[in-house]
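Have a look at the structure below before the remarks.
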């Protein structure tokens, strides 16, 4: 219900923002052509309003697409003032970039730069003002007790408490938690009784301030008790919602879909195809192409050094595993003699080994041998940021002995990752590396990718565990 209310609220904002963009565009015209006619500089030419209005549909299409794609209308966005202002400002900035790029190519229409500036100031001002007005109006109404929905939560565990915090974080949605039911935490002040007392407690509130919603937040092991509760609540008018306590498990890219009307809860899955994922791929390609272009002289010098240091090819192709078990040939500058593993087979790199050539030792220590992997990124085998790919021969050793190891393959492998920038690379704890990889997958965002890339520049190349 919380998500449905939030989704309705955000979609209403989407419609309102469309009108605000149109109003800002027209108001910017009047400010420039009616108010600031000769200041700061005289107009080179005067254009009628009709000429500007001709481009308004295109402005609206661009604005709504950019606003939606930038995540401005994500249903569960927290309504905190700094984040609200930042989200609006970022979305409007992206919108202005696209608009100005278009006008720079369209030479038949002169648009006043001051008009664009006014438009860029008025749009976020109007959007933030609308949000603040709605937010404070609704919040004040909720504080006065208007249209409150009273909630009883069955289960005071991790899921139940997290649900309570979510309701408290959205006071403007009007959900008031009256208490919990739990068999094992009756000494806590907000626990009203045991689970078996659910009907009695709902009836107790019926004659004063009725309970509107009951949220069942019990683990899957309590399936029999959940069924009993559902049968009991079927005799009352209270709304019942199920929140399975799945936080005890490792949830990867969870979401709810349906198959012909049958609800399906995804617990372990790859990231669904969405705009952020497409944008991540676009950024990967753009960044890798630019980076390879910039460092091409350095790569030529390294290639020459590798070729002169020992016989064999410049590049070394090694089988690695990426998203959903897909294997690919990962490129590296060759740092060892061609027959280094002819007798030993695949060997885990460790401190003190002398298999690397003199040039190879330097390349490994500085991670310069990894530079050709940007070619893998362009090919789509890897991403710039993601869990580091491993060799299948080692994966066979780890997957049954290291808990949750295979979950790291629910996201495309990367050149650098959260585990690597935090020091877990080379011959270090596999368990710690998995912990950091799963944190990255569960909390992935483009902002986190940029943070990891900056951390890589700062401390990710030279590492004592790289040998």
Original post:
Can you give the FRET efficiency for residue 303 and residue 18, using 1/(1 + (r/R0)^6), R0 = 35 Å, r = Cβ-Cβ distance, to the nearest 0.05?
Top reply: 0.05
Original post:
Could the peptides 308-319, 357-368 be put in order, highest first, of the mean number of other beta-carbon atoms found within 10 Å of their residues?
Top reply: 357-368, 308-319
Original post:
If packing is taken as the mean number of other Cβ atoms within 10 Å per residue, what is the order of 179-186, 194-201, highest first?
Top reply: 179-186, 194-201
Subject >> Net length gained if the chain between residue 251 and residue 188 were fully extended (0.36 nm per residue, minus Cα distance) >> reply: 19.8 nm
Original post:
Hey, with R₀ at 22 Å, roughly what FRET efficiency would residue 292 and residue 362 work out to, going by the Cβ-Cβ distance, to 0.05?
Top reply: 0.60
Subject >> Largest-first principal axis extents of the Cα set of region 152-219 (Å) >> reply: 30, 29, 20
Original post:
Given a cut-off of 27 Å, what percent of all Cα-Cα pairs of region 126-283 lie beyond it?
Top reply: 40
Original post:
Tell me, 25, 418, 458, 68 in order of fewest to most beta-carbon neighbours within 10 Å?
Top reply: 458, 68, 25, 418
Subject >> Length released on extending from residue 200 to residue 90, taking residue separation times 0.36 nm less the Cα-Cα span >> reply: 34.5 nm
Original post:
If R0 is 56 Å, what FRET efficiency do you get for residue 324 and residue 207 from their C-beta distance, rounded to 0.05?
Top reply: 0.50
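Bear in mind that the values in this text are calculations on the coordinates, not laboratory data. Quick caveat: nothing in here was measured; it's all calculated off a predicted structure. As a convention, Cβ positions derive from the backbone with ideal geometry for all residues, glycine included, and neighbour counts pool all protein chains shown.
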